[in-house]
Amino acid sequence: MADLHFRIATPADAPSIQQLVQSAFRAEDSRKDWTADMALGRSFTISVEDVKTTISKQDCAILLAFTKDHDLDVLVASIEIIKRANGHARFSMVAVHQDYQQAGIGRRVLAFAEEYSQQEWGATTSELNALSTRQELIAWYLRRGYQKTGEESPFPTEKFPHLALPEDMCFVEFTKHLA
Ligand SMILES: CC(C)(COP(=O)(O)OP(=O)(O)OC[C@H]1O[C@@H](n2cnc3c(N)ncnc32)[C@H](O)[C@@H]1OP(=O)(O)O)[C@@H](O)C(=O)NCCC(=O)NCCS
């Protein structure tokens, strides 16, 4: 298992985070129903400015996971976390470098985000969402202890007129009580 160490991102990390996140979301994945729609994945873009804005926001952080390769620190994963009211923490943009996926890193990054939110922000609940079409990813969040809230958020299908996306595609909302 990869030896990971974590830290909070600074503005200087923005270019490497942008590369990591964009390439992870665009990557082909061998797991059936994990990404559901590769054409949609390939349309994913995020700019260095977007990342810098997130990093500089109050009550917002990007957590980074590194491993050592020949004594060099390699950025292998990141996750965006937001402090919300009433002990809620919102997670998004969880991304693992394509070469390091399916090795348990995603699971550890999610666990670290939960631990960080509890310890630093006193969070008692974490929240996230997943595209309704990504059945294997949804099953993965359920195995991580997340439960469907029953709410759905709209997906902006109108932004992708060149893709034949299911009309009822939406984001499924999840929550987890942090012990
Ligand atoms: C989602 C993501 C972060 C998961 O990271 P990861 O490091 O691959 O995750 P893990 O190795 O911890 O877990 C992989 C899971 O895939 C499962 N898996 C492995 N091979 C599989 C297969 N062929 N079919 C289905 N599931 C499979 C494993 O069983 C494991 O689940 P488990 O931990 O419950 O046993 C990663 O795939 C990613 O970066 N994707 C692109 C960005 C993205 O889609 N982010 C989520 C939306 S916000």
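Read the figures in this text as sums done on the coordinates, not as results from a lab. Nothing here was measured: the structure is a model prediction, and the numbers come from that model. A quick note on method: Cβ atoms are made from the backbone with ideal geometry, for glycine too, and the neighbour counts reach across all protein chains shown.
In the condition set (1) free of Cβ contacts under 8 Å to residues at least 12 places away in the same chain; (2) touching a His at 6+ places or on another chain (Cβ under 8 Å), His70 is compliant with all but (2). Based on what the data block shows, is Ala89 outside any loop (DSSP other than H, G, I, E, B), among the small types (Gly, Ala, Ser), surrounded by 18 or more Cβ atoms within 10 Å (Cβ to Cβ) and near the ligand (Cβ under 8 Å from one of its atoms)? Taking the combined requirement at face value, the residue does not satisfy it.
Taking residues in segment 157-179 that are closer than 16 Å to Gly145 by Cβ, and partners anywhere that are of a type in the set (Gly, Ala, Ser) and assigned to a loop (DSSP other than H, G, I, E, B), the pairs with Cβ atoms closer than 9 Å and at least 6 places apart or on different chains are Val172/Ser132; Lys176/Gly145; His177/Gly145; Leu178/Gly87; Leu178/Ala123. I'd like to verify a number: residues in segment 93-135 that are part of a helix (DSSP H, G or I), out of contact with any strand residue (DSSP E or B) (no Cβ under 7 Å at 6 or more places or on another chain) and closer than 16 Å to His5 by Cα, how many? Looking only at that region, the number is 3.
Can Ser78 be described as within 22 Å of Glu114 (Cβ to Cβ), touching a residue at least 60 places away in the same chain (Cβ under 8 Å) and surrounded by 13 or more Cβ atoms within 10 Å (Cβ to Cβ)? Quick ask: steps written out before the conclusion?
Details: within 22 Å of Glu114 (Cβ to Cβ): yes; touching a residue at least 60 places away in the same chain (Cβ under 8 Å): yes; surrounded by 13 or more Cβ atoms within 10 Å (Cβ to Cβ): yes.
Criteria met by Ser78.
Could you check, for segment 139-157, whether at least one of its residues is at positive phi and part of a strand (DSSP E or B)? Yes; the residues of segment 139-157 include at least one that is at positive phi and part of a strand (DSSP E or B). Of all the criteria given as (1) out of contact with any Gly (no Cβ under 7 Å at 6 or more places or on another chain); (2) within 13 Å of the ligand (Cβ to nearest atom); (3) assigned to a strand (DSSP E or B); (4) not polar (S, T, N, Q), the one not satisfied by Asp29 is (3).
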